[in-house]
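To start, the structure under review is shown below, and the notes come after it.
Values quoted throughout were computed directly from the atomic coordinates according to the rules given, and no laboratory measurement underlies them. Values in this document were obtained by computation on a predicted structure and should not be read as measured data. Cβ sites come from the backbone with ideal geometry, for glycine too, and all protein chains shown count toward neighbours.
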Amino acid sequence: MGCAAGKLPIMNPIAHSPHAHAPISIGKVMATVLLALTPATLFGFWLYGWPAVNLWAVSLIAAIVGEAFVVRLQQRAVRPVIMDGSGILTAWLLALSLPPYAPWWIAVLGSLFAVIIGKQVFGGLGQNVFNPAMAARVMLLISFPLEMTTWVAPSQAPGLLESLRITFFSQPIDGMASASLLGHVKTEFTRGIGLDQALAGYYAPMDMLWGSRAGSLGETAAVLLLIGGLFLIARRIITWHAPFAMLLGVAVPALLFNTIDANHYAGPMVHLLSGGLMLGAFFIVTDPVTSPNTALGQFIFGLGCGLLTWVIRTWGGYPEGVAFAVLLMNAATPIIDQYVKPRIYGRDRKGAALAVKKES
Amino acid sequence: MKLFDLRGGVHPEGKKSLSVERHIRPLPLPKKLYVPLQQHIGAPATPVVNVGDKVLKGQLIANAQGAVSSSIHAPTSGTIIALGDHVAPHPSGLPVPTVTLESDGEDKWVALNAVEEPFTLAPEDIAARVAAAGIVGLGGATFPAALKLNLSRNSGVQTLIMNGGECEPYLTCDDRIMRERAAEIVEGIRLIAQAVAAKEILVGIEDNKPEAIAAMRTAAGDGEVKIVVMPSMYPMGSEKQIIQVLTGKEIPAGGRPADIGVLVHNVATAFAVHQAIRFGKPLISRIVTVSGGAIKTPCNVEALVGTPVQELIAFADGYAQPAARLVLGGPMMGQQFTNTDVPMVKGTSGVLALMSAEIGQAEASPCIRCSTCVRACPVGLLPLEMAAHIRVADLTGAVDLGLKDCIACGSCSYVCPAHIPLVHYFNYAKGDLAAQERSKLKQEATKKLADNRTERIARIERERAEAMARRKAAREAKERAAKEAAAKAEAAA
């Protein structure tokens, strides 16, 4: 039975249901996350001036060019990979975790490491085990400890010309070097100075909240990061489980030990507002690729990240622990996914069919 | 009434306002009707008419065949002009055995066996009349209704649930039938309840149908039929989900609603039951929603089974603009079709002509493990993990993750930001799995036959050897006896 051409008004290939889709795409997800990061980033730009802008721009350009190059080597289409925005997000997060006056090659090396070794080597988007931005940050921290821990206190921002010299010719800025709060506390401990003295004149909660302090480009404005995170939760891009658990994982032991010995252990507010915790809680541990895929799994993952962060900060060799904690928990993600699964309808937790029950 | 929590689910844009205010109108009598012999789950019906036969409206034209099947009746009066293949309402567009009926324009009913006092009928009698009327589940699954009644009557029914969820976007046929024919539906529900001796009757209707809820409440009065308002969510109208939300019970994996003392029927099925028992009318027509952005005047029509879909689209004033996709059923679980010559069947709830903006189709990109699908799955599966296993042809891994528990509702595909056709993966894998299981059964059967043959040959050889041994023994015994006799004779001599 031949079908005359006129009887087939539609010549599209056969498509499977559903014939409808939620108005969402990977590009939109990434764009929303970038939007959520923008206030904290702009604040960082304002706080640290042009060097911060340079560093951010260099990070993004290096990531885009580097990713395009390796995707080309794999003979895959470049455009969709760049347009999905994941490489840009990675570079952006990395830039926010760098000292704002770091030299340009730190940003380039970090970005290339993140998108090439951290992501494309594993097979590209969705395949990597470790968070690329955190892997790059840890690589930089271990390889270039000096450049990665030279902080500046926010003061009068340098002019554009001077900023180019800072970023591209590694010109040291006299009298501006400073230490982040956690680094300062750690140094003072080694000198036998207790927490009460170490914090005196260094820890001002309101400054911490609003970000007027030494630190990475984007980690200082705790409130703006929190707002960005809450925006993502409201837009259902992330859920509260991992961020909340991470903050809990830091705050609970901090409170406990601070109550026992206030002179040796910083309190929960110091921990919550310092270092990369807010950035980590809302933008790093919520990375879908490297975190578990159930709500409970994400909670466990976040809790682990928080506890490890606190342990490394308190007893580890480095003043800051978010990046290390995240990488360690990334490695645990597959095993969390193996053991934490939703209960299937009509089955018990172990997967056996429910018993046939009847009421008479 | 207290409702129970449901896992997952999605909230697609309803789009019901396109057609919801349009009254059900009968479609003008088509000139030709193409009635497929299989419009239900189970075996196709066997035709009992021949080409050239004159039939009356409602006359049996094909008989149920085997345990799971359903009868088919003439949708109008006229002449059978063909028994043969016609394009099927299926994405493949492949032909299926079909009875083609040319209408004589008189639409003359066969003599009907009406029942004056339907509530005096015995349960078995109700089920028998439902079977004779060729009623199948009109919610979309098209399982023979009488079979379900008989199975449930035998196992006992605590709760009869009537599904008025209609959670698929665009579709308004159940909403309209509940608004316009509530009294008939309620009587049909009570007849179903009588057929299975149900102790409790719940009619679940989504809260986006306030007029239907009001009409059904009025019709039900203070009687045994309880109208329950459920939140609007997809897939609320899925059998497993509506049971869970109304009773808190779950069907055990691999089981049936009867296992937990529940029977679920669609409200439109109740109307068909009412028509069959009260007036003796078989199921030959149904309400269909013709809608979608590409349809000029979306509407609800009552159309005869076998009507070419083209006539329904024409009745809705045709296309407002070129359709990007044509769908039978709702957009979430409906099937695409390309040939508008296909007939509508008992299970056709909607005919949709969608624009590309409504479909939201895009190239699939890599999975970012965002687990939106995990949150959307009403069953508690891990769609992303199942798809990863299926992608590398690891069906066992997918089954271990619960592939067989997937209800194919499409919620995961709907929400996937990477536009991965997850439910397509699962249906493909289920098909592959079924093929594997069939081939395994076949292999086992072959092996059994081969084993039987080997055993048979061995037995024949053994028997032959034994027979030879017996003969040999007998011969030897004879010889020995002869020798002994000779020896005796010699001794005697």
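In this structure, B:Arg456 and B:Val399 have a Cβ-Cβ separation that, at R0 = 41 Å, corresponds to a calculated FRET efficiency of about 0.65. The mean number of partner chain beta-carbon atoms within 10 angstrom of a residue's beta-carbon across peptide A:21-32 is 6.
Mean per-residue shielding of peptide B:374-383 is 4, counting Cβ atoms of other chains within 10 Å of each Cβ. Based on the Stokes-Einstein relation at 37 °C and a viscosity of 0.692 mPa s, and on the Kirkwood radius from alpha carbon pairs, segment A:26-339 is assigned a translational diffusion coefficient of 169 µm²/s. What the Cα convex hull of segment B:367-493 gives, in volume per residue, is 124 Å³. Please give every one of the aspartates and glutamates within straight-line cross-link reach of B:Lys447, meaning a C-alpha to C-alpha distance under 13 Å, and leave out same-chain neighbours fewer than 8 residues apart. Answer for B:Lys447, where 13 Å is the Cα cut-off: B:Glu455, listed by chain and number.
The tail of the calculated P(r) for segment A:260-308, taken as Cα-Cα distances beyond 13 Å, holds 63 percent of the pairs. Here the convex hull built on the C-alpha positions of the protein assembly as shown has a volume of 314 cubic angstrom per residue. Considering helices alone, the calculated mean residue ellipticity of the protein assembly as shown at 222 nm is -14000 deg cm²/dmol, with DSSP H runs of length four and up weighted by -39500 (n - 2.57) and normalised per residue. Each label point was placed 7 Å from the Cα along the Cα-to-Cβ direction; for B:Lys54 and A:Leu255 their separation is 9.0 nm. The alpha-carbon of A:Lys28 sits under 12 angstrom from the alpha-carbons of these aspartates and glutamates, leaving out residues fewer than 8 places away in its chain: A:Asp84. Taking a point 7 Å out from the Cα of B:Gln321 in the direction of its Cβ, the residues of segment B:332-373 whose backbone N falls within less than 18 Å of it are B:352-362.
Computed about its Cα centre, the charge dipole of chain B is approximately 1760 debye, with only Lys, Arg, Asp and Glu carrying charge at their Cβ. Based on the Stokes-Einstein relation at 4 °C and a viscosity of 1.567 mPa s, and on the Kirkwood radius from alpha carbon pairs, segment A:300-352 is assigned a translational diffusion coefficient of 103 µm²/s.
Which entries of B:Lys148/B:Lys346; B:Lys16/B:Lys57; B:Lys404/B:Lys440 show an alpha-carbon separation above 21 angstrom in the structure shown? Exceeds cut-off: B:Lys16/B:Lys57.
Toward the positive end of the charge dipole of the protein assembly as shown, with +1 on the Cβ of Lys and Arg and -1 on the Cβ of Asp and Glu, the farthest Cα among B:Ala474, B:Thr307, A:Ile82 is that of B:Ala474. If you take all other residues with their beta carbon under 15 Å from the beta carbon of A:Val71, and give Lys and Arg +1 and Asp and Glu -1, the sum is +2.
Which of the peptides B:94-106, B:193-205 is most tightly packed, and how do the rest follow, going by the mean number of other Cβ atoms within 10 Å of each residue?
Packing proxy ranking, top to bottom: B:193-205, B:94-106.
In segment B:286-399, Rg over Rh equals 1.11, where Rg is the alpha-carbon radius of gyration and Rh the Kirkwood radius from pairwise Cα distances.
Just so you know, the Cα atoms of segment B:201-296 work out to an Rg and Dmax of 15.7, 46 Å.
Working note: Karplus 6.51/-1.76/1.60 with θ = phi - 60° gives segment B:241-248 the couplings 6, 5, 5, 5, 6, 8, 10, x Hz, where Gly and Pro are set to x.
Dividing the Cα radius of gyration of segment A:29-121 by its Kirkwood radius returns 0.99 for Rg/Rh. By the rule of a second cysteine Cβ within less than 4.7 angstrom, chain B holds isolated cysteines at B:Cys167, B:Cys173, B:Cys299, B:Cys367, B:Cys370, B:Cys377, B:Cys406, B:Cys409, B:Cys416. Annotation: Cα Rg of chain B relative to the compact-globule expectation 2.2 N^0.38 Å equals 1.28. In this label model, B:Gln443 and B:Arg7 are separated by 3.2 nm, measuring between points 7 Å along each Cα→Cβ vector.
Amide H to amide H distances under 5 Å link B:Asn266 with B:Leu138, B:Gly139, B:Asn163, where only residues 5 or more positions off or on other chains count and H is placed in the peptide plane.
The mean number of Cβ atoms from other chains found within 10 Å of a Cβ in peptide B:362-368 is 6, as a whole number. Taking a cut-off of 19 Å between Cα atoms, list the aspartates and glutamates near B:Lys472, but don't count ones fewer than 8 places away on the same chain. Straight-distance partners of B:Lys472: B:Glu461, B:Glu463, B:Glu484.
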